[in-house]
1. Could you run through segment 213-247 and say how many residues are without any contact (Cβ under 8 Å) to a residue 60 or more places away in the chain, under 19 Å from ASP271 (Cα atoms) and either in contact with a helix residue (DSSP H, G or I) (Cβ under 6 Å, 6 or more places away or on another chain) or not charged (D, E, K, R) (or both)?
2. For segment 320-333, does any single residue satisfy the condition of being in contact with a Ser or Thr (Cβ under 7 Å, 6 or more places away or on another chain), surrounded by 22 or more Cβ atoms within 10 Å (Cβ to Cβ), at pLDDT 95 or above and not in a loop (DSSP other than H, G, I, E, B)?
3. Select from segment 233-278 the residues that are of a type in the set (Gly, Ala, Ser) and surrounded by fewer than 22 Cβ atoms within 10 Å (Cβ to Cβ) and list them in ascending order.
4. Confirm whether GLY306 is in contact with a helix residue (DSSP H, G or I) (Cβ under 6 Å, 6 or more places away or on another chain), of a type outside the set (A, V, I, L, M) and within 30 Å of PHE382 (Cβ to Cβ).
5. For segment 200-216, enumerate the residues that are surrounded by 15 or more Cβ atoms within 10 Å (Cβ to Cβ) and of a type in the set (S, T, N, Q).
6. Of everything in segment 334-349, what is surrounded by fewer than 18 Cβ atoms within 10 Å (Cβ to Cβ) and touching a residue at least 60 places away in the same chain (Cβ under 8 Å)? Give them in sequence order.
7. Kindly provide the set of residues from segment 302-333 that are free of Cβ contacts under 8 Å to residues at least 12 places away in the same chain and under 22 Å from VAL401 (Cβ atoms), ordered by number.
8. Out of all the residues in segment 294-312, which are surrounded by fewer than 21 Cβ atoms within 10 Å (Cβ to Cβ) and outside any helix (DSSP H, G or I)?
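The values are calculated or read from the model by the stated rules, or taken from the named source; none is laboratory data. If you're wondering where the values come from, they're calculated on a predicted model, not measured in any experiment. Cβ placement follows ideal geometry from the backbone for every residue including glycine, while neighbour counts extend to all protein chains displayed.
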Amino acid sequence: MKLRTEKDTMGSIDVPENAYYGAQTQRAVKNFPVSGLTLPSPFIQALALIKKYAALVNADLQLLDSKKARAIAQAAQEVLDEKFDDQFVVDVFQTGSGTSTHMNMNEVLSSRANEILTGQKASKAPVHPNDHVNLGQSSNDVISSALHIAASLSIKNDLLPSLEHLYQSLSEKSIRFDDVKKLGRTHLQDAVPMSLGQEFSGYASQIARGINRMETARLGLAELALGGTAIGTGLNTDPDFASRVIALISKETGSPFQEANNHFEAQAAQDAAVETGGGLKTIAVSLVKIANDIRWLSSGPRSGLGEIEIPSLQPGSSIMPGKINPVIPESVIQVAMQVMGNDTTIMLAGQSGNFELNVTLPVIAYNLLQSIMLISSVSRIFAEKCIDGIVAIRQKSASNVEKSLALATSLVPHIGYDQAATIAKKAHETGKTIREVALEEKILPKDALDRLLSGSG
């Protein structure tokens, strides 16, 4: 590999010749060879978006030469167009402020801006990564702002449409299965009858509430720390800088971002991210409940509950021919487990706001964005490859209802709890149905009994 020598305040260091990043990025690469994981694309995109409009606003405020500003903005747009994805190389597990990734961006943009202006990929002249690209900014307000922007836009563009898709699929099944009578179950034991449609309406309602939680979370994410610079005081930035940058970001994204009401809270705490992580965890819990129910309801096919049939997607066993497993629900459950673990990390990281700065911003960003991505992907897959293809096994459901001892509950208002319990006990001991025992005991006329046990009485 060919190298070139770059300099920073600590001295000289060799950098790959084709790299647009410089000395500070290379030091981070050497210091943090931890996981091979880098901050995800939505975060890099949000960071580039901030830099694009920071340069243009600084030019409008006559704080930055307009040619330099346009070159920086062009370079940032090229990052937004995914032309430099391979240049963002810093490990997630780095300095807690995210300064290394921030300088990675500043150096890439300065090098590319200089290439645009001079034809040479120079790192610091005429455009300097700190003096020009980072003018009026600090890692401490920029990284937090990029986290909020990336999470909010990922929720808007990916998560909410996917959850809405899943909600519609579940709602459609709730309507289609409205006339399918089945047993309810409590404590994994037979309970009173219900419809399969009612069961699916509960699942749809869980997802609808998840959508509401994410819409609420976006309100907190809309506040950006930009303008606070180092510790929230706004040192070295124009008073109009942040509001003008944020207005332009809002216009481009179609999302109403705003400057934080209190910059000290915005930089010292990450409560909005913690709240969002908690909402994602709640959705994950909902997904586990729905996926597990579908696994149980489709269990069998010969000796399980077998009240629904889910799509057959692939052979289920390397040793048992003909076995088909509920692979999509199992994938959903594993995603949910990962999201729950991510939330624990986000929660612990959210506690790390020591005085004027949270020092775990990269790991919050990584876990939050991964959770959004995972739920977005698996919700759509769940809908398309499982829920949409579910078929009700009507005969099995009807048979389960008829054989259930819980049918005795319908008789209680007419014959009393004790007598109904006696009938249920006899049915259990003899293997007969509630209907058969009740007819033998002649507790009610047959037409009245049929009406009650059918659920129409």
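1. Number satisfying all stated conditions: 2.
2. Checking segment 320-333: not a single residue is in contact with a Ser or Thr (Cβ under 7 Å, 6 or more places away or on another chain), surrounded by 22 or more Cβ atoms within 10 Å (Cβ to Cβ), at pLDDT 95 or above and not in a loop (DSSP other than H, G, I, E, B).
3. GLY234, SER243, ALA247, SER250, GLY254, SER255, ALA268, ALA269, GLY278
4. For GLY306, the condition - in contact with a helix residue (DSSP H, G or I) (Cβ under 6 Å, 6 or more places away or on another chain), of a type outside the set (A, V, I, L, M) and within 30 Å of PHE382 (Cβ to Cβ) - is met.
5. Once the filter is applied, which keeps residues that are surrounded by 15 or more Cβ atoms within 10 Å (Cβ to Cβ) and of a type in the set (S, T, N, Q), segment 200-216 yields SER201, SER205, GLN206.
6. Residue satisfying the conditions is MET347 alone.
7. Within segment 302-333, ARG302, SER303, GLY304 qualify.
8. Those that are surrounded by fewer than 21 Cβ atoms within 10 Å (Cβ to Cβ) and outside any helix (DSSP H, G or I): SER299, GLY300, PRO301, ARG302, SER303, GLY304, LEU305, GLY306, GLU309, PRO311, SER312.
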